1. Just to be sure I understand: of the beta bridges DSSP finds with both ends in the chain, what percent are antiparallel, rounded to 5?
2. Helix 25-34 versus the longest principal axis of the chain: what angle, 0 to 90°, nearest 10, using Cα atoms?
3. If I take R0 = 35 Å and measure r between the Cβ atoms of residue 176 and residue 47 in this structure, what FRET efficiency does the formula 1/(1 + (r/R0)^6) give, to the nearest 0.05?
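What follows draws every value from the coordinates through simple rules; no lab data is involved. Bear in mind that the values here come from a model prediction, so they are computed numbers and not experimental data. Please note: Cβ atoms are built from the backbone with ideal geometry, for glycine as well, and neighbour counts cover all protein chains shown.
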């Protein structure tokens, strides 16, 4: 089997969720350092590939073709081999059987991934996932980096903070967006991200609306970040606010999100993909935790705080709450505002008083 330092072609099956793609950037940077002579093929969903475009972390980007049948998965692996060549080493970052099947079909000599979901037979270097009960609160950054050691290139000294670069064009679009929404020149808004793919990750929109009014009353500017499927959340927030909230009627493309967040004073967010963009933007990030354990998404970043009410049923990791959603309803706007102010004060002190 080929070890990573000697590899000429490396294949990486990227995570499916775009937030996990951001969390994989420390792994991808360490991979580039460990195999500087290798050609790296990144294979994944178009949205994740778009976020990584321009980062220099791959030499070839292959969008994942749809199709979940066995024949379709094998065909996809053969397509990767045909277009990019046979890999020496394949890293399978998702835990799905389908992603391991595709990697096997590429003909990769070494296939590295976690031995979960019965797919050990598809991997040549299966990793054992550490478990604590039925949960595995291993930070995803470390979860991915551990794969490098399995391929002969330990990355114990690799930086663990996710990073994304910003282009001048993205900077210009971010300035235009703030201007369109009436953010005063020089003002640094408070970004509010209340959505999430699970209902139990979403903050209460009525809380967000009242927080927006509290911010305006204290001379601050809220900026509501709305996802493509979050119009109803924005509507409820607006109703609770009793008036407009900047940003509520426009979806910020993920490719521009870091540039927008770099112009913000702080980000208040749920445990969803955009939180990792806040870390990548190097702004203070307050994460409102509902049903999930925060250990999964821990990163080395001092300007991050978690606000979590560890109720008796927490962490359930359910997508829908079967009772009264107490873990989130208890995170009221006044409590969130106080936590964000404490985070900002600590971040300013750590940065020598700079905003």
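1. Close to 5 percent.
2. For helix 25-34, the angle is close to 40 degrees.
3. Here the calculated transfer efficiency is 0.95.
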